[in-house]
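> Mind having a look at this structure? Questions to follow.
The values are calculated or read from the model by the stated rules, or taken from the named source; none is laboratory data. None of these values were measured; they are calculated from a predicted model. Cβ sites come from the backbone with ideal geometry, for glycine too, and all protein chains shown count toward neighbours. Ligands, DNA and RNA are excluded from the accessible area calculation, which covers all protein heavy atoms including side chains. Shrake-Rupley method; radii C 1.70, N 1.55, O 1.52, S 1.80 Å.
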Amino acid sequence: MLTFSHVILGLFQALLLLAAAPLVSGLSRMVRAKLHTRHGPGLLQDYRDIAKLLTRQDLTPPNSGFAFRAMPAVMLTTVLVIAMGIPMLTRFTPVAPIGDLITVIYLFALARFFFSLSGIDSGSSFSGIGGSRELTMGVLVEPVMLLSLFVAALLAGSTNLGAIGTAIADGHVRSATATVIAALSFAYAIYIELGKLPYDMAEAEQELQEGPLTEYSGPSLALIKWAMALKQTVVVAWFVGVFLPFGSAPEMTVFGLLFGLVAFAIKLVLIFAAVGVVENSVARVRFRLTPQHSWVGVGAASLAFVFYLVGL
């Protein structure tokens, strides 16, 4: 049952992730720099970049339309709404209507749609190519995420993210093997969604990865950078809340929430540190080879469904 305290909890964890997102992004940069044996930017560099962009002039192309202008606000708001429904500090979803599996997937699709459409709506051919690349990545990644999460939902008997996480934490799932394989395939899809090597472009170069952002400047670019960092943090929180709910508060108590916050922070740091190590241990691949790699995730998720049917 949705109560006022649950809404407050959802708002709190959404604002907490919003404040911590640039810090998490800075952590990824710092890990990359250390692995490259160079000094690199500081941990708080993203905060300084966002603050600097907020003071700059906001320019828009003359041929741009409504989608281009609305995208920064739509993307940031959509990801914040998703953050309100993820079981982050607790095993239950703070705002149950948002914490449904199908609702979260559609909200992520909405953010991706506006992000891609803004590149096409800018009037720049370069931005349009970048938007098309983003849609292609969505087509390759989202089926893996969908199949993995639907297998987890079948195992838990519910599409509510909190109910799935609670069933996994308590061991009340039909097949432990299917759960592990679904978690691995979902983690693989999450890694691609984070935009890390070998599926990313170089950050210091104006390539297709940053194509949709080419025509943005000033506060609009600051909101997009903030929203992209928030999206990466929320995606990892999504994985943690569903497949690694251990340490989260089973009930809404002060001690339970504090313990859940500490446990979530530790899991978040460990995952991003591991992602940083993996990212800097692989070479970049051509974008046209990405579909071949994504079939690995589809195969793993399909195998999890087979184990669910068999009951092993």
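> Relative to the longest principal axis of the chain, what angle (0 to 90°, nearest 10) does the C-alpha long axis of helix 176-193 take?
10 degrees
> In Å, what Rg and Dmax follow from the Cα atoms of segment 1-154?
According to the Cα coordinates of segment 1-154, Rg and Dmax are 18.3, 52 Å.
> With Cβ to Cβ distances under 15 Å as the rule, what net charge do the other residues near Ala109 carry (K, R +1; D, E -1)?
-2
> Under 20 Å from the 7 Å Cα→Cβ point of Ser217, by amide nitrogen: which residues of segment 120-138?
120-128
> Hey, can you grab everything whose amide H is under 5 Å from the amide H of Ala249? Only 5+ residues off in sequence or another chain; H modelled, so Pro and N-termini drop out.
Thr90, Arg91, Gly260
> Another one. Give the lysines reachable from Lys267 as a straight Cα distance under 20 Å; neighbours fewer than 8 places away on the same chain don't count.
Straight-distance partners of Lys267: Lys196, Lys231.
> How compact and how long is the chain, expressed as Rg and Dmax of its alpha-carbon atoms in Å?
Final numbers for Rg and Dmax: 19.3, 60 Å.
> From the helices alone, meaning DSSP H stretches of at least four residues, give me the mean residue ellipticity at 222 nm for the chain, per-run term -39500 (n - 2.57), in deg cm²/dmol to the nearest 500.
Per the formula, -24000 deg cm²/dmol.
> Give me the percent of accessible area attributable to carbon and sulfur for the chain, probe 1.4 angstrom.
Carbon-and-sulfur percentage of accessible area, whole number: 71.
> Which percent of Cα-Cα pairs in segment 79-163 sits in each 5 Å bin, short to long?
Cα pair-distance distribution for segment 79-163, in percent: 3, 15, 19, 19, 16, 11, 8, 6, 3, 0.
> I would also like to ask the following. Over segment 80-220, with a single point scatterer placed on each C-alpha, what log10 of the ratio I(q)/I(0) does the Debye formula yield at q = 0.11, 0.13, 0.17 1/Å?
Each listed q corresponds, in turn, to -0.50, -0.67, -0.97.
> In segment 211-306, what GluC sites (Glu not before Pro) fall in a loop by DSSP, with at most 12 other Cβ atoms inside 10 Å?
Glu251
> When only the heavy atoms of the protein chains count and the probe is 1.4 Å, how do Glu134, Glu142 rank by accessible area, highest first?
Descending accessible area places them as Glu142, Glu134.
> Next question. If you wrap segment 12-69's Cα atoms in a convex hull and average its projection over all directions, what's the area in nm²?
Result: 6.3 nm².
> Mind checking the full-extension length gain between Arg48 and Val7? Use 0.36 nm per residue of separation minus the Cα-Cα distance, one decimal, nm.
Answer, rounded to one decimal: 11.7 nm.
> Trypsin sites (Lys or Arg not before Pro), restricted to segment 3-67: which are DSSP loop and have at most 14 other Cβ atoms within 10 Å?
Passing sites in segment 3-67 are Arg38, Arg56.
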